[in-house]
1. Subtracting the Cα-Cα distance from 0.36 nm times the residue separation, let me have the gained length for residue 89 to residue 59 in nm, one decimal.
2. So how much accessible area does residue 39 have, in Å² to the nearest 10, using a 1.4 Å probe?
3. Output the peptides 83-95, 58-70 sorted from most to least packed, where packing is the average of other Cβ atoms within 10 Å over each peptide's residues.
4. At 0.36 nm per residue, minus the direct Cα-Cα distance, what do residue 49 and residue 80 gain on full extension? Give it in nm, one decimal, please.
5. If you take the beta carbon distance between residue 102 and residue 124 as r and set R0 to 22 Å, what does 1/(1 + (r/R0)^6) give as a FRET efficiency, to the nearest 0.05?
6. Points 7 angstrom from Cα along the Cβ direction at residue 38 and residue 111: gap in nanometres?
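The values are calculated or read from the model by the stated rules, or taken from the named source; none is laboratory data. Just so it is clear, the structure is predicted and the values come from calculations on it, not from any experiment. Reconstructed Cβ throughout: ideal geometry from the backbone, glycine too, with neighbour counts over all protein chains shown. Surface areas here come from the heavy atoms of the whole protein model, side chains and all, with no ligands, DNA or RNA. Shrake-Rupley method; radii C 1.70, N 1.55, O 1.52, S 1.80 Å.
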Amino acid sequence: TTGFGNSLLECTVFGSIVGKKIPIIQQQQLKPRKIIPIIEKEEVSPPQERKVTQGELAKHNKPDDCWVAIHGCVYDLTEFAEEHPAGAQSIYKLGGLDGTEAFAAIHNENLMDDFEEDKIGIYAATS
């Protein structure tokens, strides 16, 4: 043997790590700590989702302001339209309308999970 510890555990047990002594804090050196009571949080219900009426949706039917209702939710697809693989026109044609039928004919419903940040609210068609 070389005289050196053969494990980190052995080093710490004997009070030295890499040749340095581990300082031992005496009880009286510890600072008193203030006890802070734990306050229980109130349960807060999530904010109500905005309801978008058919009339409000209809106002957003232009290339620079294009909302589309899909599966009961309204999305602002203005920025996405130019990135749409099938072309922006297919989205612009649905601007201000319920595009669920056209969307469902081609896409999986779960696709809209990727558009949560573009979601305006819930489509309230009959309101």
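1. Working: separation 30, 0.36 × 30 = 10.80 nm, distance 1.76 nm.
Extra length available between residue 89 and residue 59 comes to 9.0 nm.
2. Solvent-accessible area, nearest 10 Å²: 140 Å².
3. Top of the packing list down: 58-70, 83-95.
4. Working: separation 31, 0.36 × 31 = 11.16 nm, distance 2.20 nm.
Answer, rounded to one decimal: 9.0 nm.
5. 0.65
6. For residue 38 paired with residue 111, the spin-label model returns 4.7 nm.
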